1. Keeping to region 24-49, report how many residues are of a type outside the set (A, V, I, L, M, F, W, C), out of contact with any helix residue (DSSP H, G or I) (no Cβ under 9 Å at 6 or more places or on another chain) and surrounded by fewer than 17 Cβ atoms within 10 Å (Cβ to Cβ).
2. Which one of these does THR141 not meet: (1) crowded, with 21+ Cβ neighbours inside 10 Å; (2) among the hydroxyl-bearing types (Ser, Thr, Tyr); (3) closer than 30 Å to ALA16 by Cα?
3. Scan region 395-431 for residues that are without any contact (Cβ under 8 Å) to a residue 60 or more places away in the chain and among the β-branched types (Val, Ile, Thr) and jot them down.
4. Kindly evaluate ARG591 against the criterion of being at pLDDT 95 or above and basic (Lys, Arg).
5. Take the conditions farther than 24 Å from ASP447 by Cβ, acidic (Asp, Glu) and within 27 Å of the chain's Cα centre (by Cα) and apply them to GLU542. Does it pass?
6. Give the residue, chosen from ASP145, ASP153, ASP189, that is of a type in the set (D, E, K, R), within 19 Å of PRO100 (Cα to Cα), at pLDDT 95 or above and within 26 Å of the chain's Cα centre (by Cα).
Amino acid sequence: MNGGRVTLADGALHRAGRPFVGVGVNYHPSPTGCDYWREWDGARIDDDFRRMAAAGLNTVRIFVFWGDFEPKEGAYDPVMTDRLRELAGTAGRHGLSCLPSLLTIWMNGQRFDPSWREGRDLWRDADMRERQRAFVHHIATELRDAPNILAYDLGDEVIHVDPTSSAALGAEEVRAWWGTLAGAIRAADPDALVLQANEASAVLGGHAFRPEHALPLDMVGLHGFPVWTPFHIESVAARKATAFLPYLVRRGSAHRPVFVDEMGSYGCDESTAAQYLRAAAHSAFAAGAVGTAVWCWQDFTTERKPYALRPNERHVGLLGADGREKPALAEYRTFARRVTGELAGFRPLPAPVGVFVPEAEPQNEAGYLTPSGSDAPAAFYAHLLLQQAHLPYEFTSRDADLERYALVICPSARQLSLPDRHRLAQYVTSGGALLYSTGSLLDAAGDEELFGVRVRDFIRADDTHAHFTWAGVRFPLRWEPGPIPVIDTAGAETLAAFADGSPALTRHRLGEGTAYYLNAPLEAQLNAPYRLEEASWHRLYEAVAEDAGIRVPLTADDPSVEVTVIGRGDERCGVVINHAPEPVRTTLRSRQGDGMPETAERLQLEPKEVRLLFWHGNAPAHRLSSRERTEEGQP
């Protein structure tokens with residue numbers, strides 16, 4: 001394999017000085033599944049890797065089952081390590097980078113425990129911590145001379161080996177564990193990149209294995225499947241389904257580069273799976289993912305663990321069990337060709353909108369004062385509304401440079417600490433625009449200094465607060481059981497009111513900036529099936545952004561269509577994705593700057609279709625590139 005090790009610079013991967021995007025698959029051989037280290041078939045692996053390379057892939061993610069490689073405590077099996085080196089060499093001959101997942105115990109919902117662990121805690125037992133450190137150091141030592149190791153994953157979804165224990169760890173404990181293992185790998189292989197991969201709970205859950213704590217790592221690995229979310233995604237074909245993966249990427253990328261090392265779909269037919277993969281992969285790349293790996297390479301013929309208990313895990317490959325290429329492989333091949341070819345080096349551009357996620361404060365002693373409910377839906381639905389409004393955005397936090405955003409959105413906050421309030425007030429005073437929606441009577445509602453409002457009382461009769469109208473749009477609300485705050489203005493102006501006359505949306509001038517206060521958890525209350533289609537919710541964001549002076553270079557008039565502009569030097573590419581399960585006809589509009597005319601072009605987009613528009617400078621040459629026309633079969 002030519003080009004040497006993959007490196008990380010400015011949040012992007014490179015090899016031999018050229019941009020590199022990982023495009024790959026997760027791999028167990030079909031006949032042997034998780035037993036492949038003990039039932040070795042080098043010829044089969046060689047053939048599989050050859051086919052991967054022929055499909056345009058450049059990465060294979062493999063799993064180092066700890067129990068196979070360390071069958072007795074402290075004793076490594078030399079046959080297994082020889083096979084590991086052979087596998088890496090085989091991958092290298094076919095031009096594939098390897099992403100080995102170490103400390104593999106958890107797989108497809110079952111444990112493959114080393115027999116000698118005997119239930120000892122991975123994080124709190126000192127002997128187990130040492131065994132992990134020694135093991136990852138051993139594997140990195142064996143592979144340090146392999147030029148095609150992309151990165152080491154410390155352990156795939158290892159939090160599920162003992163979820164009670166992992167959930168009890170604090171941020172410092174997780175950072176220390178990551179730091180110890182990453183340090184052991186780098187001591188053996190100084191050029192190594194290190195990540196640790198978890199499913200969506202790394203963003204959505206309450207444990208500490210989160211991107212914001214991942215300072216000891218080079219990247220974070222995230223997994224996103226639309227069937228496993230708390231967001232009431234209606235189907236694999238639904239709009240929300242293909243928008244979920246880029247949401248995870250955007251959340252993680254606020255802290256560390258994100259490698260999506262598991263993606264795909266369950267519970268659908270092959271045509272739906274192919275369309276899902278097309279839209280989700282392109283959207284994840286546009287959101288900033290530095291690599292993707294589909295779960296998984298081929299359907300399994302083995303019927304052993306874990307497939308005996310979870311037989312549906314046998315049928316989610318890009319190839320059928322008989323070697324037939326499924327439609328999803330054709331879509332992934334096209335994606336791979338694009339991101340390693342014409343899109344190589346394109347990255348997200350600085351965004352004018354920041355989504356402020358309040359700091360998670362310790363609640364161990366709060367008792368009944370702990371706010372009820374979950375913070376997870378608010379940020380996801382803010383992502384959807386921004387995507388529908390075609391507003392470029394990034395996730396941000398208290399310690400970030402908020403002043404570089406023209407608009408900051410704080411969606412459906414259930415708790416806003418005093419440090420968060422002070423930081424947002426500083427941002428507004430310096431000239432920023434803030435849109436804040438409240439999610440709790442006592443912990444997040446009302447702020448006379450920042451928002452120019454105060455809480456008068458609360459009510460339980462949600463009929464008086466059932467809707468409000470602003471910017472020509474009626475916004476119906478569904479309140480969760482609990483107290484509904486009633487506010488009065490205290491310096492702010494009322495932009496919209498509820499039926500009882502109390503303010504629903506206010507605007508307050510503070511210093512050089514503006515603070516909008518929405519007295520309703522707009523984003524959080526969208527978390528119900530089909531609720532997103534009930535109103536033009538995104539118009540609220542559009543109107544506030546317009547008032548903040550935000551003008552974006554490319555938009556569409558259909559909220560189902562994502563328009564994300566990415567850049568490479570002075571080159572621009574508009575990634576246009578129809579997230580809807582049905583065809584749409586939309587008008588793309590380009591804005592060429594103040595005083596310049598707006599241009600428009602009509603597009604017909606099939607379900608989950610992706611188009612790329614290329615231009616130089618500030619404004620799109622509003623036509624499909626010749627490369628895209630050829631791929632779409634257009635003259």
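1. 4
2. (1)
3. Correct list: VAL408 only.
4. Numbers: at pLDDT 95 or above: no; basic (Lys, Arg): yes.
In short, no.
5. yes
6. ASP153
Here is a yes/no grid of residues against (1) free of Cβ contacts under 8 Å to residues at least 24 places away in the same chain; (2) part of a loop (DSSP other than H, G, I, E, B):
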{"residue": "GLU39", "(1), (2)": "yes, yes"}
{"residue": "GLY67", "(1), (2)": "no, no"}
{"residue": "ARG83", "(1), (2)": "no, no"}
{"residue": "ARG117", "(1), (2)": "yes, yes"}
{"residue": "ARG120", "(1), (2)": "yes, yes"}
{"residue": "GLU130", "(1), (2)": "yes, no"}
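Quick grid of which residues meet (1) surrounded by 22 or more Cβ atoms within 10 Å (Cβ to Cβ); (2) among the basic types (Lys, Arg); (3) on the phi > 0 side of the Ramachandran plot:
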{"position": "ARG460", "(1), (2), (3)": "no, yes, no"}
{"position": "ASP500", "(1), (2), (3)": "no, no, no"}
{"position": "GLU512", "(1), (2), (3)": "no, no, no"}
{"position": "PRO529", "(1), (2), (3)": "no, no, no"}
{"position": "TYR541", "(1), (2), (3)": "yes, no, no"}
{"position": "ALA545", "(1), (2), (3)": "yes, no, no"}
{"position": "ILE550", "(1), (2), (3)": "no, no, no"}
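The values are calculated or read from the model by the stated rules, or taken from the named source; none is laboratory data. Since the model is a prediction, treat every value here as computed from it, not as a measurement. Cβ coordinates were reconstructed from backbone atoms using ideal geometry, including for glycine residues, and neighbour counts include every protein chain displayed.
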